[in-house]
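Trainee: Before I ask anything, here is the structure I am working with.
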Amino acid sequence: MKRGKELAMEVKHDACAGTAGNNDILIRVLPGNGGLVVRLESCMKKLYGKTIERAIRNTAAELGVSNAVILAQDNGALDYTICARVETALKRSAL
């Protein structure tokens, strides 16, 4: 489901969402200074790394975030969980 592009969202401070537990993903967002950087650690990286990173980048783009560092520690999360965690962390970082 597309959320539509909102006004550009600025990452003002560090924020987190999710857990490091099974079937979840821990997302940490930091202010960036040169575009969107995604760093992924995952037990499923060889199989699904590109898909996970694409979900993270698409969610950030839908929210208008173009300048941030997103650190992701995945433990088998499904796509909808990844998108929800990224959205929550980004919205927390903009408050």
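The values are calculated or read from the model by the stated rules, or taken from the named source; none is laboratory data. Every value quoted in this text rests on a predicted model; they were computed, and no experiment measured them. Note that we place each Cβ from the backbone using ideal geometry, even for glycine, and neighbour counts take in every protein chain shown. To get the accessible areas, we keep the full protein, side chains included, count just its heavy atoms, and leave off ligands, DNA and RNA. Shrake-Rupley method; radii C 1.70, N 1.55, O 1.52, S 1.80 Å.
Trainee: I'm trying to understand the selection: among the residues of the stretch 53-77, which are open to solvent by less than 10 Å² (accessible area, probe 1.4 Å) and within 14 Å of T19 (Cβ to Cβ)?
Mentor: A72, D74 - these are the residues of the stretch 53-77 that are open to solvent by less than 10 Å² (accessible area, probe 1.4 Å) and within 14 Å of T19 (Cβ to Cβ).
Trainee: In addition: Against the conditions (1) over 25 Å from E10 (Cβ atoms); (2) open to solvent by less than 80 Å² (accessible area, probe 1.4 Å), where does C43 fall short? Just the number, please.
Mentor: Condition (2) is where C43 drops out.
Trainee: Do the conditions hold for V65, that is, is it in contact with a helix residue (DSSP H, G or I) (Cβ under 6 Å, 6 or more places away or on another chain) and assigned to a loop (DSSP other than H, G, I, E, B)?
Mentor: For V65, the condition - in contact with a helix residue (DSSP H, G or I) (Cβ under 6 Å, 6 or more places away or on another chain) and assigned to a loop (DSSP other than H, G, I, E, B) - is met.
Trainee: If a residue has to be out of contact with any strand residue (DSSP E or B) (no Cβ under 9 Å at 6 or more places or on another chain) and aliphatic (A, V, I, L, M) to count, how many in the stretch 60-95 make the cut?
Mentor: So the answer is 2.
Trainee: I'm trying to understand the selection: among the residues of the stretch 15-55, which are over 10 Å from R85 (Cβ atoms) and in a loop (DSSP other than H, G, I, E, B)?
Mentor: Passing the criteria: A20, G21, N22, N23, G32, N33, G34, G35, C43, M44.
Trainee: Show the residue pairs that are 6+ apart or on different chains and have beta-carbon atoms under 6 Å apart, the first residue being within the stretch 54-71 and within 13 Å of V29 (Cβ to Cβ), the second being at pLDDT below 95 and assigned to a helix (DSSP H, G or I).
Mentor: Note: no pairs meet the criteria.
Trainee: Right, here's the next one. Give the stretch 78-95 a look and list any residue that's crowded, with 19+ Cβ neighbours inside 10 Å and more than 15 Å from T19 (Cα to Cα), or say none.
Mentor: Within the stretch 78-95, L90, S93 meet the criteria.
Trainee: For K50, only one of the following conditions fails: (1) modelled with pLDDT under 95; (2) surrounded by fewer than 12 Cβ atoms within 10 Å (Cβ to Cβ). What is its number?
Mentor: (1)
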